[in-house]
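Trainee: Sharing a structure with you now.
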Amino acid sequence: MKTIALRFGEQFAPECGTIAAHQQLISEKEFVWYGKLGTPVSTAVAKEILSQDAPTILLISSGKQERYWAYINAIQRETPDIEGIPEYYRDKASQFKTWFRVTRFEPAPKDVMSEWVVASSGKPLNEVSRYSMSPYFIVKPRRKKN
């Protein structure tokens, strides 16, 4: 099982915040599109995430302790219908390279950053994310010891 951990910031968000602005559209439409800037997520990774029973991505608030699981049912590179995008970044929609169709948000446990590891290195996400400028990581759960 793998997923993506994405950082998000509040610099362009409305006063209510990124998650709340997205949640407003979920309340209205039962989904919202969450955009990712920069390098698009590979087709192989997108397929792997979507093949899981409850596809999720992890959203990490930059500089804060907030972490959220975003439950998704689609990943695409094409800009979706503007009505499904929060108003505060509709004018920048063409800049986003990957879109996640989110159906709900759930706060992640406080230890989520130490319980998930970066797939390429096996190092805990909390260690790697401190020193890396990468906006996203491919992660998997840490194996539990018996």
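Trainee: What is the spin-label model distance, in nm, from residue 138 to residue 126 if the labels are put 7 Å beyond Cα along the C-beta direction?
Mentor: Label-label distance for residue 138 and residue 126, simple model: 2.5 nm.
Trainee: Of all the accessible heavy-atom surface of the chain, with the other protein chains kept in place and a 1.4 Å probe, what percent is carbon and sulfur?
Mentor: Accessible surface attributable to carbon and sulfur in the chain totals 49 percent.
Trainee: Which value in deg cm²/dmol, rounded to the nearest 500, describes the helix-derived mean residue ellipticity at 222 nm for the chain, given -39,500 (n - 2.57) per DSSP H run of n ≥ 4 and division by the residue count?
Mentor: That calculation yields -5500 deg cm²/dmol at 222 nm.
Trainee: What percent of all Cα-Cα pairs in the chain falls in each 10 Å bin, counting up from 0?
Mentor: 11, 43, 36, 8, 1, 0
Trainee: Same structure again: So how exposed is residue 89, as accessible area in Å² (1.4 Å probe, rounded to 10)?
Mentor: Surface open to solvent at residue 89 totals about 10 Å².
Trainee: With a 1.4 Å probe and all protein chains in place, put 37, 50 in order of accessible area, largest first.
Mentor: The ranking, largest first, comes out as 37, 50.
Trainee: Okay, moving on. Taking θ = phi - 60°, what integer Hz values does the Karplus form 6.51 cos²θ - 1.76 cosθ + 1.60 yield along the stretch 98-107, in sequence order, with x for Gly and Pro?
Mentor: Per residue, the Karplus-derived 3J(HN,Hα) values read 9, 10, 10, 8, 9, 9, 6, 10, 9, x Hz.
Trainee: Can you check what the net charge comes to around residue 8, using other residues whose Cβ is under 12 Å from the Cβ of residue 8 (Lys, Arg +1; Asp, Glu -1)?
Mentor: Taking every other residue near residue 8 into account, the sum is +2.
Trainee: Here is a follow-up. Give, in nm to one decimal, the length gained when the segment between residue 24 and residue 53 is fully stretched (0.36 nm per residue of separation minus the Cα-Cα distance).
Mentor: 7.9 nm
Trainee: Between the helical axis of 18-29 and the dominant principal axis of the chain, each derived from Cα atoms, what acute angle in degrees is found, rounded to the nearest 10?
Mentor: 60 degrees
Trainee: Right, next: Which value, in Å², gives the accessible area per residue of the chain when a 1.4 Å probe is used on the protein heavy atoms?
Mentor: Accessible surface, normalised per residue, equals 58 Å².
Trainee: Once the Cβ-Cβ distance between residue 87 and residue 66 is put in as r, and R0 is 30 Å, what FRET efficiency do you end up with, to the nearest 0.05?
Mentor: 0.90
Trainee: Ok, one more. Students sometimes get this wrong: rank 83, 10 by accessible area, probe 1.4 Å, all chains present, largest first.
Mentor: Putting 83, 10 in descending order of accessible area: 83, 10.
The values are calculated or read from the model by the stated rules, or taken from the named source; none is laboratory data. Computed from a predicted structure; not experimentally measured. Backbone-built Cβ (ideal geometry, glycine too); neighbour counts: all protein chains shown. Heavy atoms of the whole protein, side chains included, go into the accessibility calculation; ligands, DNA and RNA do not. Shrake-Rupley method; radii C 1.70, N 1.55, O 1.52, S 1.80 Å.
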